[in-house]
Amino acid sequence: QLIRDNELANVILVGHSYAGMVITGVADNMPEKLSHLIYVDAAVPESGQSLFDILNATGHDAQKDYGIEPLKPFTDPLTFNAETIKKIPKAYILCTESEFGQVSKPMFDKFKKAPKNENWATYNINSSHHVMVEYPKELVEILLQIIKR
């Protein structure tokens, strides 16, 4: 609503962890307002997936292995137009020492090999999942690289 109410344009959405789900949903609702989607060690859904689906697809139990409660935001699937999302420039930043590496590394590998028309760029940083706290300057440098490409 903030983006719409203020008539913003060329917005860059950065989502860390679960917020990858959030920025994907926002992008589906207002792609014309966005210039980039940046996923930082984040969950990136396919249409129809929930966070639980993403975690369970890696062979892990969201509740048992990660302590995530089965609340609606985590269990309800996110449905969106994949073609809409494909058109937006996107980047995935992998935190190589992340506690969620079993989830984030396969996503990173997938996006690194994605066809050019899917608009993905990939970056990595030697950090745990808490990169904003551990390496804020380095993260900002990567973010600036992404928006200048």
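Which residue is nearest to Ile12 (Cα to Cα), if the candidates are limited to the stretch 102-137 and must be of a type in the set (D, E, K, R), part of a helix (DSSP H, G or I) and open to solvent by 80 Å² or more (accessible area, probe 1.4 Å)? Only one residue fits best here, namely Lys137. Residue under question is Thr58, and the condition is that it be β-branched (Val, Ile, Thr) and touching a Leu at 6+ places or on another chain (Cβ under 8 Å); does it hold? When the stated conditions are applied, Thr58 does not pass them. The residue list Gly25, Gly48, Gly20 contains one member that is farther than 28 Å from Ile125 by Cβ, touching a strand residue (DSSP E or B) at 6+ places or on another chain (Cβ under 8 Å) and not polar (S, T, N, Q), which is Gly48.
To keep it simple, each residue is scored yes or no on (1) crowded, with 19+ Cβ neighbours inside 10 Å; (2) closer than 25 Å to Lys116 by Cβ.
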position: Glu7; (1), (2): no, no
position: Val14; (1), (2): yes, yes
position: Thr24; (1), (2): yes, yes
position: Phe74; (1), (2): yes, no
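Listed by position, the helices (runs of 4 or more DSSP H) contained in the stretch 1-65 that have at least 1 residues being polar (S, T, N, Q) are 19-29, 51-57.
The rows are residues; the columns are (1) surrounded by fewer than 18 Cβ atoms within 10 Å (Cβ to Cβ); (2) among the charged types (D, E, K, R); (3) part of a helix (DSSP H, G or I).
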position	(1), (2), (3)
Ile85	no, no, yes
Tyr92	no, no, no
Ser98	no, no, no
Val140	yes, no, yes
Gln145	yes, no, yes
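Residues that are small (Gly, Ala, Ser) and farther than 27 Å from Leu2 by Cβ are absent from the stretch 34-42 altogether. The sole residue among Tyr66, Tyr135 that is within 20 Å of Val22 (Cα to Cα) and not aliphatic (A, V, I, L, M) is Tyr66.
The values are calculated or read from the model by the stated rules, or taken from the named source; none is laboratory data. Not measured: the values here are computed from a predicted model. Here the Cβ is made from the backbone with ideal geometry for all residues, glycine too, and neighbour counts use every protein chain on show. Protein only, heavy atoms only, side chains kept; ligands, DNA and RNA dropped before computing areas. Shrake-Rupley method; radii C 1.70, N 1.55, O 1.52, S 1.80 Å.
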